[in-house]
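Just below is one structure, and these are the notes that go with it.
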Amino acid sequence: MNDVATPTAVLVAANYKSGYKPIWCPGCGDFTVLSAITKALAALQLPPHEVAVVSGIGCSSRIPAYTTCYGFHGVHGRALAAATGLKVARPELTVLVTGGDGDGYSIGGNHFMHACRRNVDLTYIVMDNHVYGMTKGQASPTTEPDWDNKLSPGGTGIRSFHPLVIALASGASFVARAFSGDPNGMADIIAQGVRHPGFSFIEVLSPCVTFRPEQREWKNHVHAAPVGPTDDAARAARRIMTDDGFNIGVLYAGDRAPYPANPGTATRVPADFEAEFEL
Amino acid sequence: MSAGPRTLPEFMAQALAMELEAVDRYTEFADAMEMHNNREVASLFRTMAQYEGKHASQIMEQMGWTDAPKPPAGGFGWPDPEAPETVPIDEVHYLMQPWHALQLALAAELRAEAFFGELAQATTSESVRRAALELQAEEHEHVELVRAWLEKVPMPDGDWATDPDPPRYLD
């Protein structure tokens, strides 16, 4: 846990921000995602020590260090696996998982589907900028097939991954899309996701101003979803498959029972595990 | 614009939220610029954050508040996704110069001035109207201050964003 906030009568967003300063590029959408997470936690009045933020690898996966919550900056693509174990073992914690499109949909793609399927009570926030930013601009699973750059001349020609539909088809019980240019709206969506029992998936359109500067235009395309969330997965799938990719809001909220937590009783102490790794 | 807040405390809570959001955003910018060793612009954003912080403190003092009031359910109903005085997150660049930063600040102050002016016209509460006009006048002063400041900084060359070691090669 990073710099523990002094308990106050009313928690505000600043109580969830650590003293570590983000190293993201100026203009990066991830700044407002961090801000929205802290605003959502403040709105929910969840003490930082009752929240864990788990991530994988990538620019956006740095978020745990920037919060005062418990944090785990794990292995590339394995954030959901670590978070699943944590939530099942410590059900009293609110567990947020943060990462990017490369970490979540490529390296961790299989974990993504199975996390949706298991429906463990997690909130998964993916900052999607359609590019691997940390490694200097390679095409990611959500990159448009005709995105022309030095590393994929003429584009990859490969159809983009559709995370919201995959999440829905795999069993996520809450599916939403947010935009980094609207941190207040995003905070509300994150708060709804945390409140929702089961696996909540929030795709955040978060422009990479360095490697995809054209994404600054997203703010001119996003719009509120014309209708409220449905609990009908088939209807949600039709809407998501046919929308323009810029509908913002909660798109699906089902009522499938979450995976039951069963912390059980520990029969071994941490030293037993450490002993197994001794050389 | 809708009639907006109906009472003076509601209005002042909205004005306070606007100032506090501006503080947060300017602080984020200052931190980011420091991280990228653009110290001159970082210092300027830090100064802007301090100014906005002073305005927030004035409102708190004036209203006798020790904590910021909770935002109303559904938010403050800003005309845009963020408060008028908040510079959008994507409008900065790691090589930007003070002139750019001041242009962003000027645009933010102009938005705030217009917001209070429109609110003063739309409200049906006399106390809210008076307070909105007062804050509009304050924002106008800030506009003039930033304009005067802008005259003291050089306009950047056309190639200000050219980085000899760019993160992204296009050729």
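Counting only aspartates and glutamates at least 8 places from A:LYS21 when in the same chain, those with an alpha carbon closer than 12 Å to its own are B:GLU28, B:ASP31, B:GLU34. Pairs of Cα atoms nearer than 8 Å and 6+ residues apart set the relative contact order; for the range B:1-92 it is 39 percent.
Using C-alpha pairs under 8 Å with a sequence gap of at least 6, the mean separation divided by the residue count of chain B gives a relative contact order of 27 percent.
Across A:GLY56, A:GLY77, A:GLY157, mean-square fluctuation computed from a Gaussian network of chain A (C-alpha pairs under 10 Å connected) peaks at A:GLY157. Here the Karplus curve 6.51 cos²θ - 1.76 cosθ + 1.60, taken at θ = phi - 60°, turns the phi angles of the range A:148-156 into couplings of 8, 8, 4, 8, 9, x, x, x, 6 Hz, with x standing for Gly and Pro.
To make sure I understand the rule: partners must be lysines, Cα under 24 Å from the Cα of A:LYS150, and not fewer than 8 residues away in the same chain. Which ones qualify? Candidates past the 8-residue exclusion: A:LYS136.
Per-residue shielding of B:82-91, expressed as the average number of other chain Cβ atoms within 10 Å of the residue Cβ, stands at 5.
Of the residues A:MET127, B:MET48, A:MET134, the one with the fewest other Cβ atoms within 10 Å heads the list, and the complete ranking is A:MET134, B:MET48, A:MET127.
Histogrammed with a bin width of 10 Å, the alpha carbon distances of the range A:22-89 distribute as 21, 50, 28, 2 percent, first bin at zero. The range A:13-276 has equivalent-ellipsoid semi-axes of 28, 21, 19 Å, by the square roots of 5 times the alpha carbon gyration tensor eigenvalues, sorted largest first.
Under the membrane-span-like helix rule (DSSP H runs whose alpha carbons stretch at least 18 Å along the helix axis, mean Kyte-Doolittle hydropathy 0.0 or higher), chain B yields B:8-35, B:98-122. Applied to the range A:195-208, the Karplus parametrisation 6.51 cos²θ - 1.76 cosθ + 1.60 on θ = phi - 60° returns per-residue 3J(HN,Hα) values of 5, 5, x, x, 7, 10, 10, 10, 8, 10, 6, 10, x, 9 Hz, with x for Gly and Pro.
Semi-axes of the equivalent ellipsoid of the range B:37-171: what are they in whole Å, largest first, if each equals the square root of 5 times a C-alpha gyration tensor eigenvalue? Write down the numbers at each step before the final one.
Numbers: eigenvalues 226, 56, 45 Å².
Working through the eigenvalues yields semi-axes of 34, 17, 15 Å.
For the range A:119-222, compute Rg over Rh where Rg is the Cα radius of gyration and Rh is the Kirkwood radius from the inverse mean 1/r over Cα pairs.
On the way: Rg = 14.8 Å, Rh = 14.7 Å.
Here Rg/Rh amounts to 1.01.
Listing B:GLU34, B:GLU144 from fewest to most neighbouring C-beta atoms within 10 Å gives B:GLU144, B:GLU34.
Restricting the count to DSSP beta bridges whose residues both fall in the protein assembly as shown, what percent are antiparallel, rounded to a multiple of 5?
Numbers: 8 of 37 bridges.
So the antiparallel bridges in the protein assembly as shown amount to around 20 percent.
In the protein assembly as shown, one over the average inverse separation of all distinct C-alpha pairs is 23.3 Å, which is the Kirkwood hydrodynamic radius.
Enter the mean number of other protein chain beta carbons within 10 Å of the beta carbon of each residue in A:19-26, as an integer.
6
Can you tell me the 0 to 90 degree angle between the C-alpha axis of helix A:109-118 and the longest principal axis of chain A, rounded to 10? The answer is roughly 60 degrees.
Specify the inter-centroid distance of the range A:176-213 and the range A:122-136, based on alpha-carbon positions, in whole Å. Computed from Cα coordinates, the inter-centre distance equals 11 Å. Using helices alone, I'd like the mean residue ellipticity at 222 nm for chain A: each DSSP H run of four-plus residues gives -39500 (n - 2.57), total over residue count, nearest 500. The per-residue figure over chain A is -8000 deg cm²/dmol. The antiparallel fraction among DSSP beta bridges confined to the range A:16-120 stands at about 10%.
Counting Cβ atoms of other protein chains within 10 Å of each Cβ in A:141-150 and taking the mean gives 1. Among B:TYR51, A:TYR66, a tally of other beta-carbon atoms within 10 Å of each Cβ gives an order, fewest to most, of B:TYR51, A:TYR66. Counting only alpha carbon atoms, the long axis of helix A:79-89 and the longest principal axis of chain A meet at about 30°. Taking amide H as placed 1.01 Å from N in the peptide plane, the amide H of A:TYR70 sits under 5 Å from that of A:VAL51, A:VAL53, each at least 5 places away or on another chain. Across the range A:90-107, computed HN-Hα scalar couplings (Karplus, 6.51 cos²θ - 1.76 cosθ + 1.60, θ = phi - 60°) run 10, x, 6, 7, 8, 10, 9, 10, 10, x, x, 6, x, 4, x, 9, 10, 4 Hz from first to last residue, x flagging Gly and Pro.
Each value in this text was obtained by applying a stated rule to the coordinates, not by laboratory testing. Note that the structure is predicted; figures quoted are calculated from it, not measured. Positions of Cβ are generated from backbone atoms using ideal geometry, with glycine treated the same way; all protein chains shown enter the neighbour counts.
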